[in-house]
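The values are calculated or read from the model by the stated rules, or taken from the named source; none is laboratory data. This is a predicted model, so every value here is computed, not measured. Using ideal geometry, Cβ is built from the backbone for each residue, glycine included, and neighbour counts are taken over all protein chains shown. Areas reflect the complete protein model, heavy atoms only, side chains present, ligands, DNA and RNA absent. Shrake-Rupley method; radii C 1.70, N 1.55, O 1.52, S 1.80 Å.
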Amino acid sequence: MKAAMVGLALLAGVFATGRAQTAQEMQNAAPAVRAGETQEQHGRRLLDEMLKALGGDAWLNKQTSTIEGQTASFFRGTPTGSVVRYVQYKRFAPEATRVEYLTVRGMIMPGMKKDVVHLWTDQQGYEKTFKGTTTLPEKQVTDYYRRQAHSLEEVMRTWVKQPGVVILFDGQGMRDRRAVDKVSILGANNDSVEIEIEQDTHWPLQRSFQWRNDQFKDYDIDEEVYGDWRLYQGIATPMNMTSYRNGDMAAQTFYTKVKFNDPLSPDLFDKDKVLTKK
């Protein structure tokens, strides 16, 4: 009995030490708040540090990206079993994105084929299959452009430069056992985005925003969590991303190849030539 009590006491001491170490790690990792610095000045400084860590002007002014990867979908946090490989071509200005989904050719002709293409351009979404080209459902298009309007790129290129924008340091926290600083960006139109920035690397680990659901008269929350950041051509890129809707996992995306600023033919983003190759 005495041995058991000693064991429990030692175990409690280990847990207490672990908690103390975690608190100490957060304190040590926390950036120094400069004397006289306001919440807004602190928030802007954190975004400046994040931008520098992402690659500065190289990240901010990237022209194109070509990405190969795969994505898995979930329904209310449960895997659907659907895992799809794809190639994505993106032009940042004027913005347009082409996604080619890959399927297996078959036993006789090995390899992959691109027989489903999604094109996002001019605030519209199109799908091309062997049956022809059609417009994607309105809800899907609205969701896509809503996320784009709250993306890290859009926040750093547009939001922070808008008249009347408010940028606030919103406290500290933990994300996947890593200490983060939280920054809220409040737009002039009462829209907002929150970004969690890792204190050690200054890379963003999470981006979230909410919007009003007109059908249910409440608010939905869209969240992206980023991981495995790597540098390509001096530009930081998360090699995996997990999307959540109202706390439920919705999708996981993994990149396998990343290239920036390759010349891309305008035909790639022409809805009338949506199946034309690069």
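If you wrap the Cα atoms of the range 137-278 in a convex hull and average its projected area over all directions, you get 11.2 nm². For the range 41-144, chymotrypsin sites (Phe, Trp or Tyr not before Pro) are listed when DSSP marks them as loop and at most 12 other Cβ atoms sit within 10 Å of their Cβ; the list is F130. Extension gain, T134-D228: 0.36 nm per intervening residue step, less the Cα-Cα distance, totals 30.3 nm. Accessible surface for the range 139-278, divided over its residues, is 52 Å² per residue with a 1.4 Å probe.
Length gained on full extension, D262 to A58, computed as 0.36 nm times the residue gap minus the Cα-Cα distance: 72.1 nm. Rounded to 0.05, the FRET efficiency of the D122 and E40 pair, given R0 = 25 Å and the Cβ-Cβ distance, is 0.10.
Ordering E154, E196 by accessible surface, largest first, gives E154, E196; the 1.4 Å probe counts only protein heavy atoms, with every chain in place.
Taking 25 Å as the cut-off for C-alpha to C-alpha distance, list the pairs among K217/K271; K52/K90; K90/K182; K161/K182; K52/K271 that go past it. Over 25 Å Cα-Cα: K217/K271; K90/K182; K52/K271.
Length gain on complete extension for the stretch K271 to S82, per 0.36 nm per residue less the alpha carbon to alpha carbon distance?
Gain in length upon complete extension: 65.4 nm.
Heavy-atom accessible surface of M174, to the nearest 10 Å², is about 80 Å², with a 1.4 Å probe and all protein chains retained. In this simple spin-label model, placing a label point 7 Å from the Cα along the Cα-to-Cβ direction at both V141 and S184 gives a separation of 3.4 nm.
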